[in-house]
Amino acid sequence: RDRDVTGVQTCALPISWSQAPSYPIAISGQACGVIGGALYCAGGENAAGTAVSAAYKYTPGASSWQQIASLPVALGSSAFAVANGELLVSGGQIASGANTMAGYAYNPAMNWWTPLPATPFTLEGAAGAVGPGGFYAFGGIGADDPGIKEAYVLSDYSQAGPVSQIGRASWRERV
């Protein structure tokens, strides 16, 4: 074990970074997750800071990214997670620069997006996770708030199966 320049103890592991195929477009703030051993990414903001709807799949060992169905709307800096074999993307910034309550679930087997129930608030840059009780979105930037602390959960999503098979999920505040 060594210490880095900040004094934090580090441990040298027998792993290292290597070059992978470049993403098809210059992007930041995209939503990504691993489903069935492949990496799926959607949305984000291009070099001009405008939200995009493009989506791509990368399979380790492949030499390039494959374009998949685009998001129904351009979304960047969204809350995201993977559950039930789907990439969940909620909230974020749309192409006009406004924040949104919209969300979608990508089903790779069908190569399509299904709408999620709208969040009860507009958000950008929120964290997303799937845990007990559903898909959580918390923190981020609200329409008139530089930082929010509220957390909401799309209830029962994590146990309900793919979104294409459910209709009862709804957002509720967690305290």
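Residues in region 124-138 that are of a type in the set (D, E, K, R) and in a loop (DSSP other than H, G, I, E, B): none.
Looking across region 91-117 at every residue that is small (G, A, S) and over 15 Å from the mean Cα position of the chain (by Cα), the one that is nearest to A137 (Cα to Cα) is identified as A98. Within region 97-104, is there a residue that is modelled with pLDDT of 90 or more, within 21 Å of G128 (Cα to Cα) and in contact with a Lys or Arg (Cβ under 7 Å, 6 or more places away or on another chain)? Within region 97-104 (the criterion being modelled with pLDDT of 90 or more, within 21 Å of G128 (Cα to Cα) and in contact with a Lys or Arg (Cβ under 7 Å, 6 or more places away or on another chain)), the answer is no, since none of the residues qualifies. Scanning region 135-154 for residues that are farther than 15 Å from Y104 by Cα and either surrounded by 15 or more Cβ atoms within 10 Å (Cβ to Cβ) or modelled with pLDDT of 80 or more (or both) turns up F138, G139, G140, I141, G142, I148, E150, A151, Y152.
The values are calculated or read from the model by the stated rules, or taken from the named source; none is laboratory data. Note that the structure is a prediction, hence the values are computed from the model and not measured. Cβ sites come from the backbone with ideal geometry, for glycine too, and all protein chains shown count toward neighbours.
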